[in-house]
Amino acid sequence: RAHRRRRSVWRRVRRTHPLLLAAGLVGLILLGRAAWLSASAHPLTAGVAAAAVAGVGGLVLDRRLRRRYRTRRTISATDGMTGQEFERYVAELMRRTGFRAVRVTGRAADLGADIIASTADGRRVVVQCKRYTGTVGSPHVQRLNGTAWTIHRADVTVLVTTGRLTANARDLAGRCGILLVDRDALAAWAATGDPGRLLSRRR
């Protein structure tokens, strides 16, 4: 149990403090170098120089890591994706925000289940992903409704799209108990890390 806690802390530090880790790593390398050169350089001077270089290196690396992390958290990251890349993007977002056993199943004969996962309390989640630039209408909802509950045994069914949902699609989804995540909702989910009702609502 203690080992699991240490591993969990390490994962959180890696995610939230890349600067600290980068500076520490570079500092250790440079301090080792300074110790090796201690015969010709004053140890205190070498140590200060090492710390300064470590800080600068850490700042540069931290900026790059944070820029990449922010890109993954904005909806614009999906604009150039293929359908399969979008499925992996949604799966990654689900893993980051509390879903468990997330796996991408999307293929030609997936019968509407691109991603299957579970909530923390064990409910089965079936997700269909639509990487569209236009509108998603009620026929997409109808097809998902025809397979999610009976074939995939879903407790929670979700349609995620980068497009816009028509009023008929929203009306039908509400009657069928299907949760909809359009472009705006997906952008909010990616930016805040909060899946909202996806983890709380039951059919």
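The values are calculated or read from the model by the stated rules, or taken from the named source; none is laboratory data. Because the structure is predicted, anything quoted here is derived from the model rather than measured. So basically every Cβ, Gly included, is an ideal-geometry build from the backbone, and we count neighbours across all protein chains shown. When the accessible area is computed, the model is the full protein with side chains, heavy atoms only, and any ligands, DNA or RNA have been set aside. Shrake-Rupley method; radii C 1.70, N 1.55, O 1.52, S 1.80 Å.
Length, then width, then depth: along the principal axes, the Cα atoms of the stretch 122-171 run 33, 17, 15 Å. Note on the stretch 82-203: Cα-Cα pairs beyond 17 Å make up 51% of the total pair count. Length gained on full extension, Asp79 to Asp194: 39.3 nm, using 0.36 nm per residue less the C-alpha separation. Just the protein heavy atoms count here, and of the accessible area of the stretch 90-203 at 1.4 Å, carbon and sulfur take up 48 percent. Here is the P(r) of the stretch 143-203: all C-alpha pair distances, binned every 10 Å from 0, give 21, 52, 26, 1 in whole percents.
Distance between the pseudo-spin-label points of Arg153 and Asp121 (7 Å out from Cα toward the beta carbon): 2.0 nm.
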